[in-house]
Amino acid sequence: MSEMKQDVILSVKDLVVKFNLRGQVLTAIRGISMDLHKGESLAIVGESGSGKSVFCKTFMGLLDNNGWVDSGSIEYAGQDLATFKKEKEWLHIRGKKIAMVFQDPMTSLNPLKPVGKQIQEAFTLHNKVSAAEAKKRTLELLADVGIPEPERRYKQYPHEFSGGMRQRVVIAIAMACVPEILICDEPTTALDVTIQAQILELLKALQRKYGLTIIYITHDLGVVANVADRIAVMYAGDIVEIGSCDEVFYDPKHPYTWALLSSLPQLGVKGEDLYSIQGTPPNLFHEIHGDAFAPRNPRALKVDFVARPPYFEVSPTHKARTWLLDPRSPSVEPPEHIKNIRNIRKLKKEDAVNEQITR
Amino acid sequence: MITMFLVLSIVFMLMRLLPVDTYFGGRSDSMSDTVKDNILKQLGLFDPWYVQLGNFWKNLLFHGDLGESIVIQQGVKCVDLIIPKAKWSFQFGAIAMVFQMLIGYSMGVLMARWKGKFFDSLGNLYILLINALPAAVYFLFIQLYLSKVLHLPMFFEPYNTASRILPIICLSLGGIASNAMWMRRYMVDQMNLDYIRLARAKGMTSSQVAFRHVMRNAFIPMAQSLPTTLLFTISGSLYVESLFSIPGMGGLLITSIQRQDNTMVQAMVLLYSAISVVGLLLGDIMMMVCDPRISLVKKGGSR
């Protein structure tokens, strides 16, 4: 356990983020605690509005003006980021230690500046170097993110780049100062499928090369399966389940994770309607009692409507916020689909064993 | 070019439809019909329309001649009448425009930078006042009271530089308000775009973002109209010029039309249409210079 502690690069405790919207206060993040381990890829999944982007923006102080960290702490490199108020305090974190790749490469570059300059700018902001040196570094970066002919591309404008190439530029900007943590906010959502794979490969390669810690924010479980070491499932501003990729995919414990996985088209049975989650996410303007997912959960227990479940540990790496894991609760069977996934996993394991035997 | 040709020919033809009385400089009562016919013949008005039009274009293109004024200053070439007046108007207009841009744009930038704060409200109040009050009110106020407070001359005197200050202030006020308004508006638009979030995520301060990224991008939509605005300053301001008795272009077109000085009208329509066309062309070129996405040269797909 003590070894694990050393690995923690960023530690979030009881984080509460609120927004002021037209005079009403909305609680977007409802007390999240989470550790980020050095060198891992963590995927944060959840439906739109579950707060995954907002959660990560707090690491960089990029919340919109009407939002604020209400309580809790974000510990990073001996500092509590949650206490940062002034822009000045953030400047040595943003871009230098923690960087971000945004969703839509078509709009996230300044259309009137040559891409080279935009990358160089990110570099020179944090490093006092001569213009020639900065340019050299920029050309290296362009080559690093797989843009051919960096010399020529350096002078070009964003509109001369395709979507995939632009996303590479955005990644180059994020990588300019070789940050410790890279937050990728739906990095592939705006790209077509073949390009998606290339960009994910690129991110993986960069991670190996520089020992990055990457947070992927996504609702694409395909992306997650491809890249993530760990998965955090978010619902209504809270992480309801967190565990290694295998644990969450093949042995999910929270009813929301069950529902999410059941609605994957890949798991559907031909001829049957695809599973969809009934109801709508809770209104975050109101205080939420009990388990936020209970009203949509056909297997909800009585206690789910009254008391908020704590985290129950399934394994040292796997925990979930559901009363189902309480020893006192009745045993509730997961839906058929989920059992199927477990079987798939068993088969896979047997395959692996068989393979070893045949060898 | 084609636009100018059409505009001018149409105006020329329309003016041929007017009664001929005006060509006698207001002395038609005392002239016999033979004298009148002679004058008209001299002016070539008995020729068929296409000959008249041909002559008009020939004189204009080969001799730069727009004819003589008939009523306003009989016998003086239109060009000689217009140029000195235009010079005055342009001088005042151009100086005022420099102020409009300097003060207006910086005001807009500052307002956008501190949007919703005190300075923004102050700027909005100014813009609102300038737009809501009839210009006549504050022009008069400036002429009557500011001249007393600042001990400046109330009227324009060509050899007294101090007498130019008040008219330039009057000319600038409106432009400052609209420049500030548009600059603020475009900057606020730009600030909500994704690339600004990326710039902030790089670790730039809000001021760095505003000056390095937002300002130029916000300026582009306004760049196109700049040349036209500059060129049209030569048309002067009717109100300011008459208020301060500046010998500018202010009311010249209106007077020419009222007094049916046909050649003057032709000359001024030519001038203004030329300004519009050239201004638009320069505006397009300016856009091309500012915005790399725009190219006047035909190219294949932009991607």
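Bear in mind that the values in this text are calculations on the coordinates, not laboratory data. These figures come from a predicted structure and were not determined experimentally. With ideal geometry, Cβ positions are generated from the backbone for all residues, glycine too; neighbour counts draw on all protein chains shown.
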State, as an integer percentage, the relative contact order of region A:236-328 based on alpha-carbon contacts under 8 Å between residues 6 or more apart.
32 percent
Per-residue ³J(HN,Hα) for region A:26-35, Karplus 6.51 cos²θ - 1.76 cosθ + 1.60, θ = phi - 60°, Hz, x for Gly and Pro:
10, 9, 8, 10, 10, x, 8, 10, 6, 10
Once you put a point 7 Å from the Cα of B:Leu6 and another 7 Å from the Cα of B:Phe211, both along the Cβ direction, what distance in nm separates them?
4.8 nm
Among A:Cys177, B:Cys290, which comes first, then next, by fewest other beta-carbon atoms within 10 Å?
B:Cys290, A:Cys177
Nitroxide proxy distance, nm - points 7 Å out along Cα→Cβ at A:Glu151 and B:Val51
7.1 nm
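Suppose R0 equals 60 Å; then what is the FRET efficiency for A:Lys85 and A:Lys270 from their Cβ-Cβ distance, rounded to the nearest 0.05?
With a Förster radius of 60 Å, E is 0.60.
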Quick one: helix B:33-42 against the long Cα principal axis of chain B, what's the angle to the nearest 10°, folded into 0 to 90?
50 degrees
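Shape of region A:248-317 from its Cα gyration tensor (a ≥ b ≥ c, root eigenvalues): rounded if a/c is under 1.5, otherwise prolate when a/b > b/c, or oblate?
Oblate shape, in that a/c is at least 1.5 and b/c is the bigger or equal ratio.
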Quote the FRET efficiency, to the nearest 0.05, computed for B:Tyr272 versus A:Ala225 with a Förster distance R0 of 41 Å and r equal to the Cβ-Cβ distance.
0.05
Tell me, what is the percent relative contact order of region A:1-155, built from C-alpha pairs under 8 Å that lie six or more residues apart?
18 percent
Show me, for region A:119-126, the HN-Hα J-couplings you get by feeding each phi into the Karplus relation (A = 6.51, B = -1.76, C = 1.60, θ = phi - 60°), rounded to Hz, glycine and proline as x.
6, 4, 4, 4, 6, 6, 4, 10
Amide H to amide H, which residues 5 or more places from A:Ile44 or on other chains are under 5 Å from it, using H placed in the peptide plane?
A:Tyr216, A:Ile217, A:Thr218, A:Ala232
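Loop-only GluC sites (Glu not before Pro) in region A:194-303, please: DSSP not H, G, I, E or B, and at most 15 other Cβ atoms within 10 Å.
Sites meeting the loop and neighbour criteria: A:Glu272, A:Glu287.
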Considering only C-alpha atoms, what is the centroid distance from region A:294-336 to region B:86-162, in Å?
70 Å
Within 10 Å of each residue's Cβ, count the other Cβ atoms and sort B:Val51, A:Val314 from fewest upward.
B:Val51, A:Val314
Working from Cα positions, state the angle (0 to 90°, nearest 10) between the long axis of helix B:262-290 and the longest principal axis of chain B.
30 degrees
Whole-Hz Karplus ³J(HN,Hα) for region B:85-95, in order, using 6.51 cos²θ - 1.76 cosθ + 1.60 and θ = phi - 60°, x for Gly and Pro?
5, 4, 4, 4, 4, 5, 4, 5, x, 5, 5
With Cα coordinates, the longest principal axis of chain A makes an angle with the long axis of helix A:193-210, in degrees rounded to 10, of 80 degrees
May I ask for the distance between the Cα centers of region A:87-112 and region A:266-283, given as a whole number of Å?
36 Å
If amide H atoms are built 1.01 Å from N in the plane of the peptide, which residues on other chains or at least 5 residues away come under 5 Å of the amide H of A:Asp70?
A:Val16, A:Val17, A:Lys18
Amide H partners (placed H, <5 Å) of A:Leu21, local residues excluded
A:Leu26
Residues A:Cys245, B:Cys170 in order from fewest to most other beta-carbon atoms within 10 Å are A:Cys245, B:Cys170
Which percentage, to the nearest 5, of the DSSP beta bridges contained in chain A is antiparallel?
65 percent
Give the relative contact order (percent, whole number) for chain A; include only Cα pairs under 8 Å separated by 6+ residues.
17 percent
